[in-house]
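What follows is a single structure, written as structure tokens, with notes after it.
Nothing in this text is a laboratory measurement; each read-out follows from the coordinates by a stated rule. Predicted, not measured: the structure shown is a model, and the values here were computed from it. Please note: Cβ atoms are built from the backbone with ideal geometry, for glycine as well, and neighbour counts cover all protein chains shown.
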Amino acid sequence: MKSKEILKFRSMWMGIAILAIVYFHSMFFLTFFKDVQSNIFISILKELKTFFYGGTDIFLFASGIGCWFSLNKLMKESSSQNINATDSYFTFITKRFNRIIPIYLPFCIIWLSYKLVFNDFTFTSAIGNLLSIQEFTGNGKGINWYISAMWLFYILSPYFYSILNKYSKKYQILLLIFTSFLFSIPFIGSKFLITFSRLPVFFIGMVISKYLSENDELSCKNILILFVSFIFGLFLLELVKAKFKSIALQTGLLWYPFIFVVPGGCITLSVIASYFDKFYIFNKINRFFSWLGNYTFEVFLTHLFLFDLYGNLVSKNIVSSDNLMFYIFIIILIIPCSFLLSLISKIIKKVIKI
């Protein structure tokens, strides 16, 4: 399969991932169907809730791919123009800053104002969230661990890029992937494990993008290997849920299987999508997810705010916890609020001319 054809569906991965994340963070089936045990459909949906934990891993895998191509383009330009590599790395971070801050900053101001109203505000947490480092303080009150992790991985990207260019043999790359896994081991039992256990899947994203940039096609053999990896990861995930559920979070066992699931799953998804894309209905579905994939950060931030707001309204008895219609309203509200946030960010970019 052509490398360009695989990458063509990257936005679709992101669109599917954000829906998975919203579904995972949703309390819908736990809140309103917590006593339902006999309904098979509800049981399947509850089972999917755990599987959709991997939505963030898809984000990071796709982000690793994007970081590689961005850095590779900048380095080629710097080489042809005799620009220092350090300047290219700085340009890479600046571009990420210019893309994210116009979305994140207005959201963060709204979030902090909301927390002030509900008496869940401290000056130090406000600074930590504005700088996107609150989760690394260990003091709680962070918007979400992904915000801090995202910037950490962006900062590490140039370092990973340099390493992959220096060590490109298969055994060396496998050793590097294993090393990225080892970096998470010291954090077992720590709240930071949720971040560092995702380092391998981000790194693998960069590895695969390097391969795709250097090869016009991904061979059937490699696609098969990735598919087997996907199946193996699903087996590990089910094994963890069946045998190690009580220690899955503190040991990272719930997250490590996605190292296998996500790369193989995303590539498999591209292969399937490329075949069905010629059919009208599937083409429209692909286009919808690809379109949604362009607004993932806005949807991600908005759903965190609305779900947290819902939790506060319930805890203060302003809204009943069994008010199904209000919860559906909150979920629907994610869409217009995401577009509003996107509109605000576009206005900011236009004003400051980013």
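Select from region 166-224 those trypsin sites (Lys or Arg not before Pro) which occupy a DSSP coil region and have at most 15 other Cβ atoms within 10 Å, ordered by residue number.
169, 191
For residue 179 and residue 285 in one chain, what is 0.36 nm times their gap in residues minus the Cα-Cα distance, to one decimal in nm?
Here the answer is 34.3 nm.
If you take every residue apart from residue 6 with its C-beta less than 12 Å away from the C-beta of residue 6, what net charge results, scoring Lys and Arg +1 and Asp and Glu -1?
+1
Once fully extended, how much extra length lies between residue 137 and residue 242, figured as 0.36 nm per residue of separation less the alpha-carbon to alpha-carbon distance?
34.4 nm
Under 5 Å between amide hydrogens, which residues at least 5 positions from residue 217 or on another chain qualify, with H placed 1.01 Å from N in the peptide plane?
3
Using only helices, what value at 222 nm comes out for the chain when you add -39,500 (n - 2.57) per DSSP H run of length 4 or more and divide by the total residues, to the nearest 500 deg cm²/dmol?
-25500 deg cm²/dmol
Loop-only trypsin sites (Lys or Arg not before Pro) in region 283-354, please: DSSP not H, G, I, E or B, and at most 11 other Cβ atoms within 10 Å.
Taking region 283-354 and a limit of 11 other Cβ atoms within 10 Å, the loop trypsin sites (Lys or Arg not before Pro) found are 316, 353.
Along the principal axes of its C-alpha atoms, what lengths does the chain span, in descending order and rounded to whole Å?
Computed over the chain, the largest-to-smallest principal extents equal 61, 51, 48 Å.
Scan the chain and note any complete DSSP helix (H) whose C-alpha atoms cover at least 24 Å along its axis and whose Kyte-Doolittle average is 1.0 or more.
220-243, 258-276, 296-315, 324-352
Where in region 256-328 are there chymotrypsin sites (Phe, Trp or Tyr not before Pro) that are in a DSSP coil and have at most 11 other Cβ atoms within 10 angstrom of their Cβ?
279
Any chance you could count the Lys pairs in region 156-271 whose alpha carbons are under 17 Å apart, treating pairs 8 or more apart or on different chains as valid?
Close lysine pairs under the 17 Å cut-off: 4.
How about residue 95: which lysines have a C-alpha closer than 16 Å to its C-alpha, ignoring those fewer than 8 places off in the same chain?
Filter leaves 73, 346, 349, 350, 353.
What distance in nm lies between label points placed 7 Å from Cα along the C-beta direction at residue 347 and residue 190?
4.2 nm
For residue 278, go through the lysines and keep the ones whose alpha-carbon is under 22 Å away, minus same-chain ones fewer than eight residues off.
In chain and number order, the partners are 2, 4, 8.
Estimate the FRET efficiency between residue 333 and residue 91 by the formula 1/(1 + (r/R0)^6), using the beta-carbon distance for r and 41 Å for R0, to the nearest 0.05.
Efficiency, rounded to the nearest 0.05: 0.65.
Report the gain in length on full extension from residue 113 to residue 317: 0.36 nm times residue separation, minus Cα-Cα distance, nm rounded to one decimal.
Full extension from residue 113 to residue 317 adds 71.4 nm.
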